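Asker: The structure's right below; bear with me while I get my questions together.
The values are calculated or read from the model by the stated rules, or taken from the named source; none is laboratory data. Nothing here was measured: the structure is a model prediction, and the numbers come from that model. Cβ placement follows ideal geometry from the backbone for every residue including glycine, while neighbour counts extend to all protein chains displayed.
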Amino acid sequence: MPGNRSSKFKQVLFSKPIIISIIILIVFIGSLEFKQIQKRAKYNQEIRELQKQEQELVAENEALQKSLEYFNNEEFKEQIARRQLNLKKEGEIVVNFPPSVQATGEQQAAAPKVGNPQKWWNYFFNQTN
């Protein structure tokens with residue numbers, strides 16, 4: 001009887017409906033696991049993007065912090081006061097220099113070139129062109 005009982009168990013276990021049910025169950029569990037792997041990959045990608053964005057924001061924040069420190073610096077404020085408001089310290093002498101030679105050369109280059117006869121004509125007849 002015990003041998004007969006195990007053979008019936010094997011017959012039931014290896015019957016077509018049970019094997020098909022086990023295969024369907026394995027496919028179903030596999031598909032659920034595949035969906036979980038896809039979600040995990042998606043979340044990991046999102047985490048990497050957010051970490052990259054965090055690094056960019058930290059770098060931008062540091063740059064803004066440095067520029068804020070620079071703008072709050074007394075030396076910068078004094079420089080702006082001198083340049084834009086034409087202020088000076090008490091007892092300080094301000095010296096202005098004429099435009100540089102290069103600037104006057106650029107102005108002459110911008111003016112139309114006049115030939116020598118035209119220059120003589122302008123000289124004698126007091127015309128300006």
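Asker: Quick check on LYS89: is it assigned to a helix (DSSP H, G or I) and either touching a Gly at 6+ places or on another chain (Cβ under 9 Å) or at pLDDT 80 or above (or both)?
Answerer: On the way: assigned to a helix (DSSP H, G or I): no; either touching a Gly at 6+ places or on another chain (Cβ under 9 Å) or at pLDDT 80 or above (or both): yes.
No.
Asker: Using the structure shown, decide if ARG82 is part of a helix (DSSP H, G or I) and either exposed (fewer than 10 other Cβ atoms within 10 Å of the Cβ) or modelled with pLDDT under 90 (or both). Break it down into steps so the answer makes sense when it comes.
Answerer: On the way: part of a helix (DSSP H, G or I): yes; either exposed (fewer than 10 other Cβ atoms within 10 Å of the Cβ) or modelled with pLDDT under 90 (or both): yes.
Answer is yes for this residue.
Asker: Which of the numbered conditions does GLN127 fail, given that it passes all the others? Conditions: (1) at pLDDT 75 or above; (2) loosely packed, with under 10 Cβ neighbours inside 10 Å.
Answerer: With respect to (1) at pLDDT 75 or above; (2) loosely packed, with under 10 Cβ neighbours inside 10 Å, GLN127 is out only on (1).
Asker: Consider only pairs whose beta carbons are under 9 Å apart and that are at least six residues apart or on different chains; among these, list those whose first residue lies in segment 18-34 and is closer than 24 Å to LYS8 by Cα and whose second residue is surrounded by 10 or more Cβ atoms within 10 Å (Cβ to Cβ).
Answerer: ILE18/VAL12; ILE19/LEU13
Each row is one residue, and each column tells you yes or no for (1) modelled with pLDDT of 80 or more; (2) of a type in the set (D, E, K, R); (3) assigned to a helix (DSSP H, G or I); (4) surrounded by 10 or more Cβ atoms within 10 Å (Cβ to Cβ).
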| position | (1), (2), (3), (4) |
| --- | --- |
| GLN45 | yes, no, yes, yes |
| LEU64 | yes, no, yes, yes |
| TYR70 | yes, no, yes, yes |
| LYS77 | yes, yes, yes, yes |
| VAL94 | no, no, no, no |
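Asker: Examine segment 9-25 for a residue that is at pLDDT 95 or above, among the basic types (Lys, Arg), out of contact with any Phe, Trp or Tyr (no Cβ under 8 Å at 6 or more places or on another chain) and assigned to a helix (DSSP H, G or I), and state whether such a residue exists.
Answerer: no
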